[in-house]
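Laboratory data are not the source of any read-out in this text; all were calculated from the coordinates shown. Small disclaimer: the values here were computed from a predicted structure and weren't measured. As a convention, Cβ positions derive from the backbone with ideal geometry for all residues, glycine included, and neighbour counts pool all protein chains shown.
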Amino acid sequence: MSPQPPQPRRGRDNRNPSRLIVGLGNPGRRYASTFHNAGFLAIDRLAVMLGIRLQLQGKLECGVGEAGGEIVMLARPQTYMNLSGTAVAPWFRKHAESPGDLVVIHDEIDIPLGDVRLKRGGGAGGHNGLRSLQTELSTPDFLRVRIGVGRPPPGWDAADYVLAPVPEESRTVFDATVSSAADAVLDLLRDGFEKASTRWNQKRKALELEDHKDSPARHA
């Protein structure tokens, strides 16, 4: 079941977005069906769920609407990944009161395909989009919804892996993970980061325990 719409935060000016939700990716057909565009795809899901229309404004494709009474902006930078920060920084400075008002959705090769995890701050981990954001915003402390895409197969370079089309055998799981990331954002907005983070990271642990219980070695 999808999460219920979040409740509004108090004490904010509702004429402007109180939260920026940014999905990372690369513009253009060439990259549309790649792991690296997981953030873009999650924004597309959220736009449908919340009835928000995205339009080009400067370097962002973005739209503003309500999520349970809170005014949010959904955005997809239209620079390439390694310049994401230049697109986001002007809007961050205009609307955000703190790094916690920015939620970034991105692909993560160090998380297994199928998992969604939440994190506050941290390093870039080799992700050029995160590195650009940290540089342009002068802080790493924004919130992150991390979409697991798994490690590349043996012999593959990480960049080639995330920029290649998602393999057919992985498509169903990948699509479901993107949908879960959109649900995680709604959880975050409704319940706050700490509760949402605990819930989603515990889901991962529960799945790991179930996998261990059902593994052949367990029944040997």
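Scanning the stretch 28-43 for residues that are in contact with a strand residue (DSSP E or B) (Cβ under 8 Å, 6 or more places away or on another chain) and not polar (S, T, N, Q) gives F35, H36, A38, G39, F40, L41, A42, I43.
Considered as a group, the residues in the stretch 54-74 that are within 14 Å of N16 (Cβ to Cβ) and hydrophobic (A, V, I, L, M, F, W, C) include one that is surrounded by the most Cβ atoms within 10 Å (Cβ to Cβ), and that residue is C62.
Of the strands (runs of 3 or more DSSP E) entirely within the stretch 67-161, those holding at least 2 residues that are farther than 17 Å from L24 by Cα occupy 70-77. May I ask you to say which residue of A176, A182 is touching a Leu at 6+ places or on another chain (Cβ under 6 Å) and not hydroxyl-bearing (S, T, Y)? Step by step, each of A176, A182 is checked, and only A182 is touching a Leu at 6+ places or on another chain (Cβ under 6 Å) and not hydroxyl-bearing (S, T, Y).
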